[in-house]
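Asker: Just passing along the structure, written as structure tokens.
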Amino acid sequence: KEVEQQNLDQKTVICEIIEAIDYAELTTFTAWDNRTQEILALQAKWKTIGFAPQKMNVKIFERFRRACDDFFAKKTEFFKSLKDGMTDNLEKKRQLCERAEALKDSTDWKATADELIKLQKEWKAVGPVVKKHSDAIWKRFVAACDYFFERRNAATSSQRSVEQENLKLKRAVIEKIKAIDPTLPAGEQTKQLQALAQEWNSIGFVPFKEKDK
């Protein structure tokens with residue numbers, strides 16, 4: 001009887017440990033997996049403990065089974081809700097991909113860059129997706145963003161080259177104006193100046209920082 005009472009005490013402690021689980025703290029895969037390992041260890045421990053007193057043996061087992069069943073039911077519920085949430089997240093990320101892909105060919109560099117940066121922030125705010133889709137959906141989104149920014153950088157680089165060339169041309173016009181012969185008749189000087197003004201106006205933009213100068 002003493003041994004059976006000791007067995008009952010040990011089994012009661014196991015039940016109390018499982019019943020005391022704070023499910024509000026189990027919010028991640030890792031937390032649930034860690035706790036599951038503990039439950040499995042307690043189940044293994046239970047099997048090594050002998051019978052409890054006859055009048056309590058069935059009751060303590062039912063209490064133990066109920067606590068375990070409750071744990072695994074809550075775990076199943078958590079993973080189901082997480083899976084449902086991940087499905088929603090996948091759809092949200094697909095929509096972000098479609099929006100990014102619709103913008104990737106735009107040449108409105110500033111507005112489109114701002115919009116894509118906004119989409120990238122939205123992406124970060126969306127939760128995780130099922131692992132088997134995670135890499136593919138991320139690569140799709142990044143590909144659309146990278147495509148636009150690579151085009152923008154190439155265009156901007158090309159534009160900078162053009163602006164530098166324009167700067168050289170406009171400096172040459174200035175030198176031509178300075179070189180107008182002051183001894184020529186006023187009408188001839190004006191004619192040359194007007195021609196150079198037209199040449200100036202036909203040249204495109206220079207680098208912004210050189211514009212006023």
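Asker: With N denoting the number of residues in the chain, provide Rg(C-alpha) divided by 2.2 N^0.38 Å, to two decimal places.
Answerer: For the chain, the normalised Cα radius of gyration is 2.25.
Asker: Next question. Take every Cα pair under 8 Å in the chain that's 6+ residues apart, average their separations, divide by the length, and report that relative contact order as a whole percent.
Answerer: Numbers: 121 pairs, mean separation 37.2, N = 213.
Normalised by residue count, the contact order of the chain is 17 percent.
Asker: May I pose another question? Calculate the spin-label point distance for Ser202 paired with Gln120, positioning each point 7 Å from the Cα along the beta-carbon direction, and give it in nanometres.
Answerer: Output for this residue pair reads 4.2 nm.
Asker: Return the carbon/sulfur percentage of the accessible area of the chain, one whole number, probe 1.4 Å, all protein chains in place.
Answerer: Looking at the chain in its full context, I get 54 percent from C and S.
Asker: Another question, then. Which FRET efficiency, nearest 0.05, do Gln5 and Asp84 yield, Cβ-Cβ r, R0 45 Å?
Answerer: Efficiency for this residue pair is about 0.45.
Asker: Counting heavy atoms of the protein chains only and a 1.4 Å probe, report the per residue accessible area for the chain as a whole number of Å².
Answerer: 70
Asker: Give me a comma-separated list of calculated 3J(HN,Hα) values for segment 192-199, in order, Karplus coefficients 6.51, -1.76, 1.60 applied at θ = phi - 60°, integers in Hz, x for any Gly or Pro.
Answerer: After applying 6.51 cos²θ - 1.76 cosθ + 1.60, I find 5, 5, 5, 5, 5, 5, 5, 4 Hz.
Asker: Here is a further query. Calculate the spin-label point distance for Arg99 paired with Ala73, positioning each point 7 Å from the Cα along the beta-carbon direction, and give it in nanometres.
Answerer: Roughly 4.1 nm, to one decimal.
Asker: Once Rh for segment 138-184 is found with the Kirkwood sum over Cα pairs, what is the Stokes-Einstein diffusion coefficient at 10 °C and 1.306 mPa s, in µm²/s?
Answerer: Working: Rh = 13.8 Å.
Once the numbers are plugged in, D ends up at 115 µm²/s.
The values are calculated or read from the model by the stated rules, or taken from the named source; none is laboratory data. Owing to the predicted nature of the structure, the values given are computational and were not obtained by experimental measurement. So basically every Cβ, Gly included, is an ideal-geometry build from the backbone, and we count neighbours across all protein chains shown. Please note that ligands, DNA and RNA were not included when accessible areas were found on the heavy atoms of the full protein model with its side chains. Shrake-Rupley method; radii C 1.70, N 1.55, O 1.52, S 1.80 Å.
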